[in-house]
Amino acid sequence: MYLLGEQPAYADRLINRLQGIPAQLLDGLAPSGDPIEIGSTSDIAAQLPEQQVFLVQRGLLHARVDERPLFYLREGDLLGLRQGIELPTCHYCSDEPITVIPYTRRAVFEHIHADEQRQELFTQYLIGHTALLSDALARLKQPEIRPTTGFQYFAEGEELIRQGDEADNVFIIIEGHAEAIVDGQKVGDVQRDEIFGAMAVFTQEKRSASVIASTACTVMVIPKDQFLGLMQNNPRIAHSLIESMARRIDLLNKEVTQLRLPMTA
């Protein structure tokens, strides 16, 4: 996928990283049929079977959001993931022949769910594209709307989130590194591509920790309602995120136990 018009450098870097994910997600999964070839069309969805996900093998698809051209899908992109997600209406058209490889939608999700690494990649892929499109729409419609989803920048030492604040957003670091701080004590690291801030969104409580940039950071911001909607419409992604959070909590518990042992002795 790539966006129309000029976009910030961070968007280009993120698009390039996301572009390689579909092949990794589908690796080892057999297509549900032969490649489908379609001539120029004003609405490709009307010519494709339902309950399928398609890998674009050849050609260029123009995507129109709210009847305005916004981005392209190209070779290596996935088509058909938007089903059931409450995003602006999107139509795909093409001025040239298109070839797509079909995969059964259910088989794709089962294949992704069967492997922890694929789960993590799929989470990054969905959230990355959602943030890119929302950021592009915000810039497209300015000054009609104020962007709520997009990217923020933090210098070394700046707070990304503050302990005790309301949980209005979920975050993912695109570039950089940060540290989690509770009551002035470091309790963990936040690495690139890691989702953070979701716990307080799920529990509807205030932030239990501060997150401070240990290097300059570019951070993707996803509003709470949009993030919860994504989880609701993609329960397997929610399951993957919960597993990741559970592992993180287990690791923290072990660290706390190790710290208490010398005190007990």
(request) Collect residues whose amide H, placed 1.01 Å from N in the peptide plane, falls under 5 Å from the amide H of His177; neighbours closer than 5 in sequence don't count. (result) Ser214, Thr215
(message) Tell me the net charge near Arg162. Cut-off is 13 Å between Cβ atoms, Arg162 excluded, with +1 for each Lys or Arg and -1 for each Asp or Glu.
(response) -4
(message) Using each residue's phi in the range 43-55, evaluate 6.51 cos²θ - 1.76 cosθ + 1.60 at θ = phi - 60° and report the 3J(HN,Hα) Karplus result to the nearest Hz, with x for Gly and Pro.
(response) 7, 5, 4, 5, 10, 10, x, 7, 6, 10, 10, 10, 9
(message) Taking loop as defined by DSSP and a crowding limit of 13 other beta carbons within 10 Å, which GluC sites (Glu not before Pro) in the range 177-224 fit?
(response) Glu205
(message) Tell me the relative contact order for the range 148-225 as a rounded percent, counting alpha carbon contacts under 8 Å between residues six or more apart.
(response) 51
(message) With every protein chain left in place and a probe of 1.4 Å, what is the accessible surface of Lys206, to the nearest 10 Å²?
(response) 110
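The values are calculated or read from the model by the stated rules, or taken from the named source; none is laboratory data. Please read all numbers here as calculations on a predicted model, not as lab measurements. When we count neighbours, we look across all protein chains shown, and the Cβ atoms used for this are built from the backbone with ideal geometry, even at glycine. Just the protein is used for accessible areas: all its heavy atoms, side chains included, with ligands, DNA and RNA removed. Shrake-Rupley method; radii C 1.70, N 1.55, O 1.52, S 1.80 Å.
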